[in-house]
Structures are given as C-alpha cells and as structure tokens.
1. Over all distinct Cα pairs, what is the inverse of the mean 1/r for the range 20-68, reported as the Kirkwood hydrodynamic radius in Å?
2. Of the DSSP beta bridges with both residues in the range 2-154, give the percent that are antiparallel, rounding to the nearest 5.
3. Please arrange Ser94, Ser135 by counting, for each residue, the other beta carbons lying within 10 Å of its beta carbon, fewest first.
4. Using a 10 angstrom Cβ neighbour count of at most 14 plus a DSSP loop assignment to flag exposed trypsin sites (Lys or Arg not before Pro), which longest range of the chain is free of such sites?
5. About the Cα centre of the chain, how large is the charge dipole given +1 on each Lys and Arg Cβ and -1 on each Asp and Glu Cβ? Please answer in debye to the nearest 20.
6. So for the range 2-154, averaging the separation of alpha carbon pairs under 8 Å that are six or more residues apart and normalising by length, what relative contact order in percent results?
7. The chain: longest stretch without exposed GluC sites (Glu not before Pro) (DSSP loop, at most 15 other Cβ within 10 Å), sites themselves excluded?
8. Taking 0.36 nm per residue of sequence separation and subtracting the Cα-Cα distance, how much length would be gained by fully extending the chain between Arg76 and Lys34, in nm to one decimal?
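The numbers here are math on the coordinates, done by the rules we state, and not lab data. All values derive from a computational prediction rather than experimental measurement. All Cβ positions, even for glycine, are placed from backbone atoms using ideal geometry, and neighbour counts span all protein chains on display.
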Amino acid sequence: MSEAKEVNQEKIENQIEIRKKVFLFLHEDGFNGKSLEPILLIDNERINIIFLKKTVNTDIYYVFQGKKYLKIWKDRKDNILVYTDTWTGDLFTSNQQTTEYIDDFSYMAGGNELICEYRDGVKKTIKLEGFDILSLTINHFTKNEKAVFYIICNKLS
C-alpha cells in the first residue's frame, strides 16, 4: 500500500501546470544578422534553425519559414508576446551556434493547451490564454512546429 502512495506522489511531482497569457504585439521589428545567435534544434534527422536575440530585459526567439517569421518572447510580467511578419532579403550571421537535441521532447497541442512530455517522465501542461499561438504555429509554421512548441515549453515557461 505504501508503494502505491509513492508511485502516485512521484507522478504528481513529475507533472507541472503553468498558466500563461499570450499577446499579439504589433510593432516595428528591427533585426539583423549581427545581433542574432543561431540555435540548432536537432530532432533525429531534422534540423531547425532558430535565432536568438539577447536583450537586457529578455531573450527573443525568431523562427523563419520561407519569407515569413515568428517572433516570440516574454515581457516583464512573464507573459508570452508574439509578432509575425514577412521579410525579404538575406540573413547572414557569423555568430557561434548553440546546439540542442530535442528528440526526447514530444507534445500535444489543442484548444488553449500545450502538453509537453519528456522521456524522463516529466510532463508540463501550459494553459494559454489570449492570442492563439498554437493555431498560428500549426497552420503557418508547420515545418517548425515542434521547434516553436519546444521554445514555449523550455524557454518561455
């Protein structure tokens, strides 16, 4: 009987629930390759290239797909801010890349909820209120869907 209690307690300790507000933030976005650090998110054979811009207040993540991009970051109140736009031209950077392996990460997205699971048994549920970043990602950034959800789960929550 005490074993059952220990197992149930362990399951509860490995489950995390977070509530986040999400806002669409329309503004002039100025980025250039000099200020961006590449992050390679490797999922088995797939490589997602994400860019990180470090500022005094927060880290900003850029996800490019074709000529459109998604920018996601946190504000001072720990809300998630989203901006999306198109861009033209080329992007060059000689900054050193960071590599992260995300093949042990899986997710389920639906409604206003993102469930992040890891092979080690940790499960994080993020309840998102406000702007629907999940459907934006699923419908418009399909090739980078797992990378975007990884960033939300691991960098912004």
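1. Values: mean 1/r = 0.0782 Å⁻¹.
Kirkwood radius, the range 20-68: 12.8 Å.
2. On the way: 36 of 51 bridges.
Here the antiparallel bridges make up roughly 70 percent for the range 2-154.
3. Numbers: Ser94 7, Ser135 13.
Listed from fewest to most nearby Cβ atoms, that is Ser94, Ser135.
4. On the way: sites that count: Lys67, Arg76, Lys77, Arg119.
Of all site-free stretches, the longest is 1-66.
5. Details: 22 positive and 24 negative charges, 97 e Å.
Here the chain has a charge dipole of around 460 debye.
6. Numbers: 264 pairs, mean separation 41.2, N = 153.
It comes to 27 percent, rounded to a whole number.
7. Details: sites that count: Glu28, Glu45.
With GluC sites (Glu not before Pro) excluded where exposed in loops, the chain gives 46-157 as its longest stretch.
8. On the way: separation 42, 0.36 × 42 = 15.12 nm, distance 2.49 nm.
My answer for the length gained is 12.6 nm.
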